[in-house]
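Each reported figure results from applying straightforward, stated rules to the coordinates on display, with no laboratory input. Predicted model, so just to flag it, every value in this text is computed and none were measured. Glycine gets a Cβ as well: all are built from the backbone with ideal geometry, and neighbour counts include every protein chain shown.
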Amino acid sequence: MLILAKSILGLMLGFFAAVIIGWFLIPLLKKLKANQTISEFTAFRHLSKNGTPTLGGLIFIIPTLLVMLFLYIRGSLEITHSLLIIIFVFMSYALLGFVDDCLKIKEKNNNGLSIAQKLLVQVLIALIFFYIYMQGGGDANLTITSIGLNVDLGWLYGLFILFLLVGSSNAVNLTDGLDGLAGGLSLVAFLSFGIISWGTTWVEGYQEIAIFCFILVGSLLGFLVYNTHPAKVFMGDTGSLALGATLAAIAILTKHELSLALIGGVFVIETLSSIIQLTAIKKFHKKVFLMTPLHHHFEKLGWEETDIVKMFLIIGFMLGMIAIYYGVWM
């Protein structure tokens, strides 16, 4: 029960810290003119959001790191190889997104870093991840217990890590298009992985992984105070890339890679809708959806933004609960 108490304490501290930091940070971002430039190709109703501050991911990134430091100082958690990897991925992807956001703010467009620049940094992150992971006694096996799969990938496991980090970070980034959507879905995802992590007793530092998840859940809840409709701040790439990559890192460390696809089911669907649309246009010169990612399709159908967010969150929550059943009891 001690891990439960530590997790709940972390959640509460994360929430209050995020609310306080958001209270001070949003006026500062406005003063610095760190505003989001809304693309003219997005849904028409979003043009009114032009000028809303971005870099809001700092509202949940900073509190999460501060609370982790506080709990470490008071002796409530240890720095394990697993926790070191998670914090490294969380901070490095946040930094990558921060640089990307700053370039967009400076140039007043949505270009930012080039695809090649982002990929180069992500390859470096994956290599460091793989090195720390193997040094900490990790294995390079892809394991799916439900179907009895256990394959030793060797050095190819590094490519597998890269694939999950890139795919997950970009999936959350694509979903970040409606007020509270990416933040709310990420909250559900980390809550699910936090509960799953409680049961992964064979993983080094499983308690620290769970506590990290719950601190981030609290911080995301604090962020949503400012990000739900109408949003006072956007998380930007700073937040979305950090969230997606960290989800992938936790899935890898807990050997629940298959659960990631289920917990992040809405992220996966949003990404697939964009891939399907792009393929259909290039190959058949026709659209499958009115607009992608999928949340924009529903907007084009006349749905209210808040209704779309509620529907997607309900779906995300149910998928998360199914993943907990699969990951803990099956």
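Computed from the C-beta positions of L103 and K30, the FRET efficiency with R₀ = 30 Å rounds to 0.95. Under a 5 Å amide H cut-off, with hydrogens placed 1.01 Å from N, N35 pairs with T54 among residues at least 5 apart or on other chains. Within the straight-line cut-off of under 28 Å between alpha carbons, the lysines reachable from K300 are K49, K104, K108, K232, K282, K283, K286, K287, K310, sequence neighbours fewer than 8 places apart in one chain being disregarded.
Whole-Hz Karplus values for segment 19-33 come out as 4, 5, 5, x, 4, 8, 6, 4, x, 5, 5, 5, 5, 7, 6 Hz, taken residue by residue from phi with 6.51 cos²θ - 1.76 cosθ + 1.60 and θ = phi - 60°; glycine and proline positions read x.
Adding -39500 (n - 2.57) for every DSSP H run of four residues or longer, then dividing by how many residues the chain holds, sets the calculated 222 nm ellipticity at -23500 deg cm²/dmol. Between G177, T228, A248, whose Cα lies farthest towards the positive end of the dipole of segment 177-330 when Lys and Arg beta carbons carry +1 and Asp and Glu beta carbons carry -1, centred on the Cα centre? In segment 177-330, that residue is G177.
Sparsely packed loop sites in segment 193-234 (the chymotrypsin sites (Phe, Trp or Tyr not before Pro) outside DSSP H, G, I, E and B with at most 12 other Cβ atoms within 10 Å) comprise W202. Extent of segment 2-329 along its three principal axes (Cα atoms, max minus min coordinate, largest first): 50, 49, 36 Å.
Taking Cα centroids, how far is segment 58-130 from segment 308-323 in Å? Value for the Cα centre distance between the two parts: 26 Å.
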